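Scroll down for the structure; my scribbles are underneath it.
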Amino acid sequence: MNHDRYDNAYIAEILTSVKTIALLGASPNADRPSNRVMGFLLSKGYQVFPVNPGQAGKQILGQTVYATLADVPQPVDMVDVFRAAEYLSGVVEEAIALETRPKVIWGQLSVRDDEAAAKAEAAGIKVVMDRCPAIEYPRLVA
């Protein structure tokens with residue numbers, strides 16, 4: 001898939017079909033984009049599992065934090081990645097290794113790695129990169 005541009009229907013279908021989201025790089029700091037996006041997603045009815053090894057066992061926005069994707073206690077529909085682009089390949093590897101793979105890996109603004117995306121897509125996982133669901137949701141769903 002060409003990740004330079006996404007069809008609105010592709011993004012809208014993802015945002016309306018996923019229910020559970022693992023948010024990698026979740027921060028307890030209310031000034032951080034990951035915290036604000038997590039709050040937005042929770043407000044729209046998504047079940048969000050924050051993932052951050054440095055915060056594991058603590059709470060962010062009332063949700064228990066997990067150290068890794070594998071630690072999340074149930075399968076997730078989407079992995080929302082708040083990590084630098086250089087880590088996306090590792091996130092894809094971790095997602096592919098899960099017993100139940102996510103349907104979508106979503107790289108936040110500036111998070112793009114076309115090789116990692118191709119690897120995810122070859123494993124049957126949809127990919128969105130360099131986008132924010134908190135921007136796309138009001139534009140396409142609300």
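No lab work stands behind these numbers, since they all come straight from the coordinates. From a predicted model like this one, the values you see are computed outputs, not experimental measurements. Here Cβ is always computed from backbone atoms with ideal geometry, including for glycine, and neighbour counts include all displayed protein chains.
Some points to look at:
- Restricting LYS58, LYS44 to residues that are surrounded by fewer than 16 Cβ atoms within 10 Å (Cβ to Cβ), under 18 Å from ARG131 (Cα atoms), touching a residue at least 12 places away in the same chain (Cβ under 8 Å) and not acidic (Asp, Glu) narrows the list to LYS44.
- Residue satisfying all of: in segment 8-43; within 15 Å of the chain's Cα centre (by Cα) and in a loop (DSSP other than H, G, I, E, B); nearest to LEU88 (Cα to Cα) among these: GLY25
- Within segment 44-66, the set of residues being farther than 20 Å from GLU94 by Cα and of a type in the set (A, V, I, L, M, F, W, C) comprises ILE60, LEU61.
- Taking segment 88-100 as the range and being surrounded by 17 or more Cβ atoms within 10 Å (Cβ to Cβ) and either β-branched (Val, Ile, Thr) or in contact with a Gly (Cβ under 9 Å, 6 or more places away or on another chain) (or both) as the test, the residues that pass are LEU88, VAL91, VAL92.
- Filter result for TYR87 (touching a strand residue (DSSP E or B) at 6+ places or on another chain (Cβ under 8 Å), among the aromatic types (Phe, Trp, Tyr), free of Cβ contacts under 8 Å to residues at least 12 places away in the same chain and closer than 21 Å to VAL127 by Cβ): yes
- Pairs where the first residue, in segment 90-118, is farther than 17 Å from ALA26 by Cβ and the second is among the charged types (D, E, K, R) and assigned to a helix (DSSP H, G or I), C-beta under 8 Å, 6+ apart: VAL92/LYS119; GLU93/LYS119; ILE96/LYS119; ASP113/GLU86
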